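K.L.:
Structure provided below as structure tokens; questions to follow.
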Amino acid sequence: MAGDIFAKCSNPRKDQYTAAVEAGIVPYFKEFATESGPTVVHDGRSVIMLGSNNYLGLTSDPRVKNAAADAVDRYGSGVTGSRLMNGTLPLHRELEEALLDWLGGDDCLVFTTGYAVNLGVLSTLVGPDDQVFLDSSCHASLADGAKMASGTTAFFRHNSVESLQKRIGTWRQQSTGGGLVAVDTVYSMEGDMAPLRQIAEVCDDNGARLLVDEAHALGVLGPKGAGLAADTSITPDLIMGTFSKSLASCGGFLIGPQSVLDWFRIACRPFLFTASGVPAAVGAALAAVRIAIEEDWRRESVRARAEQLRSGLRDLGFEAGGDPGSPIVPVHIGDDMGAVFMWRALLDHGVYTNCAVSPAVSPKRALLRTSVMATHTERHIDDALHIFEVARSSLG
């Protein structure tokens, strides 16, 4: 008798999720009744938002919202087609030029999502004779792009230049194909930064290309917020970034040589076969880019609030991580259920965080991922720290 393809949907992991939903402790799919600002309304009351990637606080900026509305007024609510067909607007070209002016580079392509950028780069570039090298903590979009590629994949230990050197050296001895190293510049869960200069040197020494994912660094790090690559004065072969963090919208982009991006224009399936970014999203992102470049106070504020939160948590005895300058402050709890109960206690007392458990993080390294905005005040962070102390005490 043939098997049922739905059978795999009944498993211990799903049962655990269902039980958590019934117990009211599942930390996902929560609804918020207001925009993602320093505070939000959840379940009818105001809570401090420490679970958003709105690093520069631009989602509520009137200039960004007006730009989105103006784009809808001019171009409608959607483009109803791919960039290849009828989905390219003057706004897309203008955004690509603005990104090049900001970050440098030869050519730029705007994608509908950041996820699609990484899927597209790896699946289009890494052919049967090629290999991609990924950090073991890379974003899921890079790992999934590698799965879609026809070449092979090697993972190296997180932020270990020695591990990368060993794997790329072995590959170079055995293959004449091309190599691509792809790394996040700031890692989304731990808030730590890649050793970009050393990684770039390994690539140069071994004839491999380098892709950097600036999703969580853009707007926050580097001169005028141009990212970690700019901050470390290296020039990667390819730079990708997203609009869904500091740039207050949704979408992604790729910067690289025109000869390479021209190939993507006609061969990159995640670019070719999805509807183009809608006018509101592109218009908002364009306005956010311009504000991000000009308003240095936002970078200064987000770094200050992150350091206030990080040092305050450590003073309270929490294991708080993240590199200096990163807007992400992970709070390591230990086991999965401990993290879930702490997440629930924090929410009950007025702070929203992101709960990360296995397999998103290593077993026994469950954490609460907190992040700050430029528009958080010192009082917001002080209040959040007090709530962390109260929530921990409430759990006994």
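The values are calculated or read from the model by the stated rules, or taken from the named source; none is laboratory data. If you're wondering where the values come from, they're calculated on a predicted model, not measured in any experiment. In this analysis, Cβ positions are derived from the backbone assuming ideal geometry, glycine residues included, and neighbour counts consider all displayed protein chains.
K.L.:
From the list Gly222, Gly317, Gly321, which residue is of a type outside the set (Val, Ile, Thr) and at negative phi?
P.N.:
Exactly one of Gly222, Gly317, Gly321 is of a type outside the set (Val, Ile, Thr) and at negative phi, namely Gly321.
Results for (1) small (Gly, Ala, Ser); (2) not assigned by TED's automatic domain parsing to the domain that holds Pro257, shown as yes or no for each residue.
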residue	(1), (2)
Gly24	yes, yes
Phe29	no, yes
Ala33	yes, yes
Gly37	yes, yes
Asn66	no, no
Leu91	no, no
Leu99	no, no
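K.L.:
Which numbered condition in (1) surrounded by fewer than 22 Cβ atoms within 10 Å (Cβ to Cβ); (2) part of a loop (DSSP other than H, G, I, E, B) is the only one that Lys245 fails?
P.N.:
Of the numbered conditions (1) surrounded by fewer than 22 Cβ atoms within 10 Å (Cβ to Cβ); (2) part of a loop (DSSP other than H, G, I, E, B), the odd one out for Lys245 is (1).
K.L.:
Checking Lys224 against (1) outside any strand (DSSP E or B); (2) closer than 29 Å to Leu91 by Cα; (3) touching an Asp or Glu at 6+ places or on another chain (Cβ under 7 Å), which test does it fail?
P.N.:
(3)
K.L.:
Given Ser123, Ser82, Ser46, which one is modelled with pLDDT of 95 or more, of a type in the set (S, T, N, Q) and surrounded by fewer than 16 Cβ atoms within 10 Å (Cβ to Cβ)?
P.N.:
Going through Ser123, Ser82, Ser46 in turn, just one is modelled with pLDDT of 95 or more, of a type in the set (S, T, N, Q) and surrounded by fewer than 16 Cβ atoms within 10 Å (Cβ to Cβ): Ser46.
K.L.:
From Ile239, Ile199, grab the single residue that is in a helix (DSSP H, G or I) and crowded, with 23+ Cβ neighbours inside 10 Å.
P.N.:
Of the residues listed, the single one that is in a helix (DSSP H, G or I) and crowded, with 23+ Cβ neighbours inside 10 Å is Ile199.
K.L.:
Determine, yes or no, whether Ala217 is at pLDDT 95 or above and in a helix (DSSP H, G or I).
P.N.:
no
K.L.:
Exactly one condition in (1) modelled with pLDDT of 95 or more; (2) surrounded by fewer than 21 Cβ atoms within 10 Å (Cβ to Cβ); (3) of a type in the set (Ser, Thr, Tyr) is false for Thr370; which is it?
P.N.:
Here Thr370 meets the rest and fails (2).
K.L.:
Inside region 1-42, can you point out the residues that are polar (S, T, N, Q) and in a helix (DSSP H, G or I)?
P.N.:
Gln16, Thr18
K.L.:
Then there's this: So which of Ser163, Ser141, Ser137 is more than 25 Å from Ala230 (Cβ to Cβ), among the polar types (S, T, N, Q) and assigned by TED's automatic domain parsing to the domain that holds Ser246?
P.N.:
Ser163
K.L.:
So which pairs qualify, if the first residue must be in region 180-200 and closer than 12 Å to Asp135 by Cβ, the second must be aromatic (Phe, Trp, Tyr) and assigned to a loop (DSSP other than H, G, I, E, B), the Cβ gap must be under 8 Å, and the two must be at least 6 apart or on different chains?
P.N.:
Within 8 Å, the pairs are Met193/Tyr187; Ala194/Tyr187.
K.L.:
So, in region 166-195, exactly how many residues are more than 24 Å from Asp231 (Cα to Cα) and among the small types (Gly, Ala, Ser)?
P.N.:
Selection size over region 166-195: 5.
K.L.:
Is one or more of the residues making up region 138-147 within 23 Å of Ala356 (Cα to Cα), assigned to a loop (DSSP other than H, G, I, E, B) and either over 22 Å from the mean Cα position of the chain (by Cα) or not β-branched (Val, Ile, Thr) (or both)?
P.N.:
yes
K.L.:
Does region 53-109 hold any residues that are of a type in the set (Gly, Ala, Ser), assigned to a helix (DSSP H, G or I), more than 25 Å from Ala217 (Cβ to Cβ) and out of contact with any Pro (no Cβ under 8 Å at 6 or more places or on another chain), and which are they?
P.N.:
Matches in region 53-109: Ala69 only.
K.L.:
Here's a follow-up. With respect to the numbered conditions (1) closer than 20 Å to Leu196 by Cβ; (2) surrounded by fewer than 16 Cβ atoms within 10 Å (Cβ to Cβ); (3) at pLDDT 95 or above; (4) not polar (S, T, N, Q), which one is the sole condition not fulfilled by Gly169?
P.N.:
That leaves (3) as the condition not met.
K.L.:
Can you work out which of the residues in region 139-159 that are under 20 Å from Met189 (Cβ atoms) and in contact with a Lys or Arg (Cβ under 9 Å, 6 or more places away or on another chain) is surrounded by the most Cβ atoms within 10 Å (Cβ to Cβ)?
P.N.:
Ranking the qualifying residues of region 139-159, first place goes to Phe156.
K.L.:
With crowded, with 19+ Cβ neighbours inside 10 Å and closer than 26 Å to Arg45 by Cβ as the only criterion, which of Ala288, Ala356 stands out?
P.N.:
Exactly one of Ala288, Ala356 is crowded, with 19+ Cβ neighbours inside 10 Å and closer than 26 Å to Arg45 by Cβ, namely Ala356.
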